[in-house]
1. Specify which of the listed residues (V156, V167, V210, V194) is out of contact with any Cys (no Cβ under 9 Å at 6 or more places or on another chain) and farther than 23 Å from L267 by Cα.
2. Which one of these is touching a Phe, Trp or Tyr at 6+ places or on another chain (Cβ under 6 Å), at negative phi and crowded, with 18+ Cβ neighbours inside 10 Å: L136, L157, L163?
3. Just checking, which of D106, D7, D64 is among the acidic types (D, E) and closer than 23 Å to A238 by Cβ?
4. For region 109-125, which positions are farther than 30 Å from R237 by Cα and either in a loop (DSSP other than H, G, I, E, B) or touching a residue at least 40 places away in the same chain (Cβ under 8 Å) (or both)?
5. Can we say Q186 is open to solvent by less than 10 Å² (accessible area, probe 1.4 Å) and either in contact with a strand residue (DSSP E or B) (Cβ under 6 Å, 6 or more places away or on another chain) or farther than 21 Å from S236 by Cα (or both)?
6. Can you name every residue in region 168-177 that is more than 13 Å from T256 (Cβ to Cβ), surrounded by 12 or more Cβ atoms within 10 Å (Cβ to Cβ) and aliphatic (A, V, I, L, M)?
7. Looking at the structure I just gave you, is L77 touching a His at 6+ places or on another chain (Cβ under 9 Å), modelled with pLDDT of 90 or more and not charged (D, E, K, R)?
Amino acid sequence: MTNQPPDPKSSMWAWIAYQLRFQRIERGLSGDAVAKILNCSRATISRLESGEARLKDKQAAKLDKTWRTGGFFAIALWFAQLAPDPQWLRSYTDFEARASLVQMFDGQVIPVLLQTPEYARALVEAGRNEDVESILGARSARQQCLARTDPPELWVLLTENILTWPVGGIDVMLAQLAHLRELAEQPNITMRIVPRQAGASEALDGSFKVITVREGEIGYIEAATGGRLVMDADGSRALRMRFDRIGAKAMPVDSTAEMLQRAMEALK
């Protein structure tokens, strides 16, 4: 194993990666031996120990049983899943860049992948961020996934309130809405609007995404102080079901262009 573990003080996930390597070495085991325990490849063990991949619930349970840890890995995994992840953005953008499908719901602002440069700048500057240009550059880079020869399918749910909140002023917002209208015509983008008359629903609980990659589905829940990745299958499935329930209250896709046009007229 040549990969080095991450700093165990940086996050709970890093602590788990560090401990996996430490306890393997303490037992005098090779990466191949641990791979047999977890029924995976040696490369997967290397990625788990470097923090590039994350231990799953079933893997933690298997290690605890085989190594008689007293439930160490299962408990550590439980705490890691609860805690905000300081490396969430790097992990999330890696998944986003190679996604085949992104299902996103947002009830407050236009999602990053769909933002115009001016709209993005208004948001970043309003957030009192120190390195505005660096953040904007990173956001622009994320949008490059839409320019791939095989761009991901985007299933987008937005609340109607977003469309008439004039981020950056009237002109910036009008340009943003025009951009949304163009994006909605792309064959790989399905955009629907959740109307105000939908009333109380899970759409008021916050923004989230479900990303489909080769490894499976990855959930992401947004928060003001740092997002949280949902790596386990049950958690990501629950988010996908929430997406479907919110979608059941959204307007038909054929009405999206009309609703965007109405929003633009309301702002003028």
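The values are calculated or read from the model by the stated rules, or taken from the named source; none is laboratory data. Please read these numbers as outputs of a predicted model, since none were measured by experiment. Cβ coordinates were reconstructed from backbone atoms using ideal geometry, including for glycine residues, and neighbour counts include every protein chain displayed. Surface areas here come from the heavy atoms of the whole protein model, side chains and all, with no ligands, DNA or RNA. Shrake-Rupley method; radii C 1.70, N 1.55, O 1.52, S 1.80 Å.
1. Criteria check complete, one pass: V210.
2. Only one candidate passes the filter, namely L157.
3. Result of the check over D106, D7, D64: D106.
4. T116, E118, Y119, R121, A122, L123
5. No: the conditions fail for Q186.
6. V172, M173, L174, A175
7. For L77, the condition - touching a His at 6+ places or on another chain (Cβ under 9 Å), modelled with pLDDT of 90 or more and not charged (D, E, K, R) - is not met.
For every residue, the table says whether it meets (1) on the phi < 0 side of the Ramachandran plot; (2) modelled with pLDDT of 95 or more.
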| residue | (1), (2) |
| --- | --- |
| T66 | yes, yes |
| G70 | no, yes |
| F73 | yes, yes |
| A83 | yes, no |
| R90 | yes, no |
| T93 | yes, no |
| A97 | yes, no |
| L114 | yes, yes |
